[in-house]
Amino acid sequence: MELTNLRILQSLVQDPHLSRVATRFHLTQGALSKRLQNLEAELGIKLFDRRGPRGLEATSSAREIAQLAAQILTAWDSGLQKARRHQDEPAHFAIVGPQIFMREVVLPWWSKTSAIYKELSLEVHISQLSKVSFSLVQAGMDAGILEHKEELEDFICKPIFSETWGVVSHAKAKVDLESPEVLKRLGWGTISASQNPVDEWLVRRQKMIPPTYRIYWNDLTAMANWVSETPNSASVLPLHACQSLLEQKKVQFTSLGKDSKRVLYLAYRQNHPHKKFIQDLLKINDE
């Protein structure tokens, strides 16, 4: 069944004059009559009675089918318009990034922003920060959060978020970044022996004596929770990893001064169709 035939049937029920409907569809009267005969043969239903000069008279079956045709054509036109919109702004966006950033920054932002993009679904993938660029390209993601600005083929890389790092300590712990001895007496926890922000920020940059660690846990939120429950404990974490604990006054946060900032980058595909969404995503640091 051609959609054009449904439109012709609908028009003939509303205006049962072959010549006028033929002109509307850029057909000869003979071609329209032939289409009508073929349609009746296809459906096995008599659609019109021929009334000579008075034109056609729609049967009750024709009127019923015309109502059905109206529903089909309305659904088709609506779906086609939606598909055309999605061609310009697709309804699916996939992004990959480190767990803590996606959970504590991207998802809260999306909960406030999603109402603007009612037809858009956000797909979030988790990857280790050091492996995001690989996951980004291999998995066909639309975008990814990178630790450093990278030159990836077919991707644009722009700053998206400025992390603030600092010493996160138990609410009652004494912290003095100018006193290595005070810092040394704290019970330190960190992500892992190989991926160790405590050594990077304090030992190398603050000239602190390497501390004795009490725990390694490859989850920044879990580390922040451990600090909040363990007296005289501390770690080096980004501010957004412990924001809720700070609000509850379970931990304290001491910025690392001029060394406290680290920029994260958004890598997104060139010639991408999500123009407004990308623009809004790049403003996430302003939220």
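Descriptive notes on the structure:
- Residue match in the stretch 214-226 (condition: of a type in the set (Lys, Arg), assigned by TED's automatic domain parsing to the domain that holds SER162 and not in a strand (DSSP E or B)): no
- Members of the stretch 197-215 found to be among the aliphatic types (A, V, I, L, M), within 12 Å of VAL236 (Cα to Cα) and crowded, with 18+ Cβ neighbours inside 10 Å, listed by number: VAL198, LEU202
- Within the stretch 235-251, the set of residues being among the polar types (S, T, N, Q) and in a loop (DSSP other than H, G, I, E, B) comprises just one member, GLN248.
- In the condition set (1) among the polar types (S, T, N, Q); (2) assigned by TED's automatic domain parsing to the domain that holds LYS249; (3) touching a Leu at 6+ places or on another chain (Cβ under 9 Å); (4) more than 24 Å from ASN232 (Cβ to Cβ), SER169 is compliant with all but (4).
- The stretch 247-287, subset out of contact with any helix residue (DSSP H, G or I) (no Cβ under 6 Å at 6 or more places or on another chain), modelled with pLDDT of 90 or more and among the charged types (D, E, K, R), residue nearest to LYS158 (Cα to Cα): LYS283
- Selected residue (criterion: farthest from ILE278 (Cα to Cα)) from residues of the stretch 121-136 that are of a type outside the set (S, T, N, Q) and modelled with pLDDT of 80 or more: ILE126
- LYS149 closer than 27 Å to LYS283 by Cα and at pLDDT 85 or above: yes
- A count restricted to the stretch 1-31 and to residues that are assigned to a helix (DSSP H, G or I), surrounded by 16 or more Cβ atoms within 10 Å (Cβ to Cβ) and under 49 Å from the mean Cα position of the chain (by Cα) stands at 11.
- Residues of the stretch 230-287 that are surrounded by fewer than 15 Cβ atoms within 10 Å (Cβ to Cβ) and closer than 20 Å to LEU183 by Cα: PRO231, ASN232, SER255, GLY257, LYS258.
- Any hit, the stretch 208-219, residues being touching a Leu at 6+ places or on another chain (Cβ under 9 Å) and either in contact (Cβ under 8 Å) with a residue 40 or more places away in the chain or acidic (Asp, Glu) (or both): no
The values are calculated or read from the model by the stated rules, or taken from the named source; none is laboratory data. From a predicted model like this one, the values you see are computed outputs, not experimental measurements. Ideal geometry is used to build each Cβ from the backbone, glycine not excepted, and the neighbour counts take in all protein chains shown.
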